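Below you'll find the structure, written out as structure tokens, and then a few comments.
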Amino acid sequence: MWFVRSYKGHNPTIVLLVNALETMGAGLPSAMAAHLVHTDRPFISICGNGGFMMNIQELETAVPLGIHITVVLQYQHYSVQSASRLGRPEFAHRPIAQAPEWTMVG
């Protein structure tokens, strides 16, 4: 949500925001669909690492279709402290998987 608070849209159709139902993982496919409709415009998808991983397989679709978008990836670390603070102490003692090497994707 930091992006929405900071970005000043100059046109009512310039920002596609999928947050009404706190949809996770819609950023990448939404930017891809927007590019298919407006192939002459540049598109940027701003995704959290979890949402991006939910649809990373869409990159396999983007390449043969010639979809060129920029993805800005915001790494959000879900820590043991977060699990405890959010009232999910049953997750607080589970090991946290190491994040992928994001520079190798693509």
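The residue pairs whose first member lies in the stretch 41-58 and is among the aliphatic types (A, V, I, L, M), whose second member is at pLDDT 90 or above, and whose beta carbons are closer than 6 Å, counting only pairs six or more residues apart or on different chains, are I44/T70.
Within the stretch 32-78, the set of residues being closer than 22 Å to G9 by Cα and assigned to a helix (DSSP H, G or I) comprises M32, A33, A34, H35, L36, V37. Listed by first and then second residue, the pairs linking a residue in the stretch 1-23 that is under 17 Å from R41 (Cα atoms) and assigned to a loop (DSSP other than H, G, I, E, B) to a residue that is of a type in the set (A, V, I, L, M, F, W, C) and at pLDDT 70 or above, with Cβ atoms under 7 Å apart and 6 or more places separating them unless they lie on different chains, are G9/V15; L16/A34.
The values are calculated or read from the model by the stated rules, or taken from the named source; none is laboratory data. For clarity, every value in this text was computed on a predicted model and none was experimentally measured. We place every Cβ from the backbone using ideal geometry, glycine too, and count neighbours over all the protein chains shown.
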